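Worksheet: one structure, shown below.
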Amino acid sequence: MKITQKYSHLNGEEYLKVHHKKLYNDILKTIESINAKRFKTKRSKEKTKLGKLLYSPTQLNKIINKEFRRIGWNESRYKYYITTEKNLIPELLSLSLKEQKLFLSNQGIKPILSYKQTDLVKDQVAIEIQFGKYAFVAFDLFVKHMLFYSGGIINVGIEVLPTKNMQSQMSSGIAYYEGEVYNILRHGRSNPPVPLLILGIEL
């Protein structure tokens, strides 16, 4: 696969080049080493693409994750307690999990444990390979990466998406690079408040 487009949000790419140059090069090489043509195996049942062979999102996601795990990337879970008391959240974020529970209990609030998971994390960098629907990408960008960042688990998040050109050879409803970058630009330069690098891939 080729990385044909990049968008650096809040200096995400610049951070990688300065602080994780080797790691960044490994990321690019790993993505570019994958032969996506092998995964054009899904026979479409959609009216507009009936019988046409499409790229399989499941198989592509699986092989990319496998290649990254082979070079030391692993799943990470961030556990935390939640509250709807807005004024307590800033202080809550700075505490350990055990301290969060005690803090909420002392406020007379029943602690509710929650967690978020990301598949690929290494050296405080997270990668999300996304061949899913639009809502999944929005969740990655505006919830998951931001939560891991505010929790001190990562310093930068990377989102890997098909370009519109590649997405046209997949099932309908798959998110694509150009559309998601537009969504970020529309929100303004500082939203979401986490350094990101978005990569657009195709053949």
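The values are calculated or read from the model by the stated rules, or taken from the named source; none is laboratory data. It should be emphasised that the depicted structure is a prediction, and the values quoted were computed from it without experimental measurement. For neighbour counting, all protein chains shown are included, and Cβ atoms are generated from backbone atoms with ideal geometry for every residue, glycine included. These accessible areas exclude ligands, DNA and RNA; they are computed on the full protein's heavy atoms, side chains included. Shrake-Rupley method; radii C 1.70, N 1.55, O 1.52, S 1.80 Å.
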TODO: Being within 19 Å of Met146 (Cα to Cα) and not charged (D, E, K, R) is the filter here, so list the residues in region 47-86 that pass it.
DONE: Asn74, Ser76, Tyr78, Tyr80, Tyr81, Ile82, Thr83, Thr84
- [ ] Would you check which residues across region 18-27 are under 17 Å from Val121 (Cα atoms), in a helix (DSSP H, G or I) and open to solvent by 30 Å² or more (accessible area, probe 1.4 Å) and list them?
- [x] His19, Lys21, Lys22, Asn25, Asp26
Open item on the list: If I ask for residues that are surrounded by 13 or more Cβ atoms within 10 Å (Cβ to Cβ) and in a helix (DSSP H, G or I), which ones from region 32-57 would you list?
Closed with: Ala36, Phe39, Lys49, Pro57
Task: Every pair of residues 6+ apart whose Cβ atoms lie under 7 Å, when the first sits in region 53-80 and is closer than 30 Å to Leu104 by Cβ while the second is in a helix (DSSP H, G or I) and open to solvent by 20 Å² or more (accessible area, probe 1.4 Å) - done: Tyr78/Leu147; Lys79/Leu97; Tyr80/Leu97
Open item on the list: For Glu85, only one of the following conditions fails: (1) exposed (fewer than 12 other Cβ atoms within 10 Å of the Cβ); (2) out of contact with any Lys or Arg (no Cβ under 7 Å at 6 or more places or on another chain); (3) at pLDDT below 90; (4) of a type outside the set (Val, Ile, Thr). What is its number?
Closed with: (3)
Open item on the list: Looking at Ile112 and the list (1) β-branched (Val, Ile, Thr); (2) in contact with a Phe, Trp or Tyr (Cβ under 8 Å, 6 or more places away or on another chain); (3) closer than 30 Å to Gly72 by Cβ, which single condition is not satisfied?
Closed with: (3)
- [ ] Test Ile89 against the stated conditions and say whether it is within 18 Å of the chain's Cα centre (by Cα) and not in a strand (DSSP E or B).
- [x] no
Task: strands (runs of 3 or more DSSP E) completely within region 103-203 that count 1 or more residues being in contact with a helix residue (DSSP H, G or I) (Cβ under 9 Å, 6 or more places away or on another chain) and surrounded by fewer than 14 Cβ atoms within 10 Å (Cβ to Cβ) - done: 112-122
Open item on the list: It is to be established whether one or more residues within region 160-170 are among the charged types (D, E, K, R) and farther than 24 Å from Lys52 by Cα.
Closed with: no
TODO: Have a look at Tyr115, Tyr134, Tyr55 and point out the one that is modelled with pLDDT of 90 or more, within 18 Å of the chain's Cα centre (by Cα) and within 30 Å of Leu199 (Cα to Cα).
DONE: Tyr115
